[in-house]
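Worksheet for the structure shown next.
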Amino acid sequence: MISRWKIRRAVRRLLRDVNNGGPVRSFRSPAADMPGFSPLRLRDWAEHRRIHKVGAAHNGVSERAETAPGRGGHQAGHAAHRRPRHPARYWSLAAVLAGLVAWVLIRTVMNSNQPLLTDYFNQPDGLVTNEFAYFNPGNPAAVRSPTWVVTSGSLFVRDHAGWTGIPDRGTPGPNSASANDSVIFRALTRQGDFLNVTVSFGLLVEHWVNQGATPSWQGVHVFLRYQSPNLLYVISVDRSDGEIVIKKKVPGGPAGAGAYYTLGTAEGHSVVGRWERVRAEAVNNGEGGVDLKVWLNGKLALSAMDNGVGDVAPITSPGRVGLRGDYTQFAFDNFVVAKA
């Protein structure tokens, strides 16, 4: 009697030859002596099994899954039509999506923190622009700036800082060579869409200019929400009397020159001969008013609110920002306007 393991070995040999795609080797199986055995029938059966296994693998289901006991034909057929899964491909797609989301978030944060305007005065020493350019817009000799408009006085660069020059009274020419008129200094940004913003810069008051009687507001001031010479907020950050003041200027006053209304004051100290950091802010408060604040060297020095002082509605529209100097020789650097 032929043992069962010999028959299995012969069948495995046939299946290996068929699966490898080569010709079935000729041999005499020990099962050939069994009643009803035919080598051709065994080869056909092996070829049928090979085709069946290849088809099942292509459809994503194993032979074992199709013939597993307890599973109905519907379940086996459903499993046979499943697509093969590729975990590596899914992980790669997830990594790409995660990277894209991270990039969008980083760009959003960067854009939200991006300054609206900067001037670090990285240019050679000399004239930036002056009142001559403002009053003579068509003169080809005028010196103009893409950032600044000076309506009174002259703005220079010295050692990578904006500078008033040595203030005098006179009428500047195209280059402010013989006079600069910076005793009364007014510099505005060309850009005029600043709403809820913070203006920060370094300030160096070099000395006070004494030309006869000087006003109590002698010093340096910040312009916010500038709509016109008669409608704006003014914050005094370094006055000769040490006062820190937040004011609102509205149309009217003597000869139509505008009227000032004080929104807040604080006792401070005049700083001469050393740099200080200044930061001023104007923000709509959501209740129809405007909150104004000023920090000196990182400390909150004064805050105030405009809710319609002077019988004029708060200035809630965007405007320009700028600097003003009265009888003061000063420099400023790292001028930055950012979202508040």
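The values are calculated or read from the model by the stated rules, or taken from the named source; none is laboratory data. Note that the coordinates shown come from a computational prediction; the quantities given were computed from them, not determined experimentally. Every residue, glycine among them, receives a Cβ derived from its backbone with ideal geometry; neighbour counts consider all protein chains shown.
Some notes on this structure:
- In segment 246-274, of all residues being more than 14 Å from PRO314 (Cα to Cα) and touching a residue at least 60 places away in the same chain (Cβ under 8 Å), the one that is surrounded by the most Cβ atoms within 10 Å (Cβ to Cβ) corresponds to VAL271.
- Count of segment 290-334 residues which are under 25 Å from GLN218 (Cβ atoms), without any contact (Cβ under 8 Å) to a residue 60 or more places away in the chain and among the charged types (D, E, K, R): 2
- Scanning segment 238-245 for residues that are basic (Lys, Arg), closer than 22 Å to GLY165 by Cα and free of Cβ contacts under 8 Å to residues at least 60 places away in the same chain turns up at least one hit.
- Listed here are the strands (runs of 3 or more DSSP E) enclosed by segment 167-230 that have at least 3 residues being in the same structural domain as THR147 (by TED's automatic domain parsing) and surrounded by fewer than 18 Cβ atoms within 10 Å (Cβ to Cβ): 197-208.
- Spans of helices (runs of 4 or more DSSP H) in segment 47-159 with at least 3 residues buried (at least 16 other Cβ atoms within 10 Å of the Cβ) and modelled with pLDDT of 65 or more: 131-135
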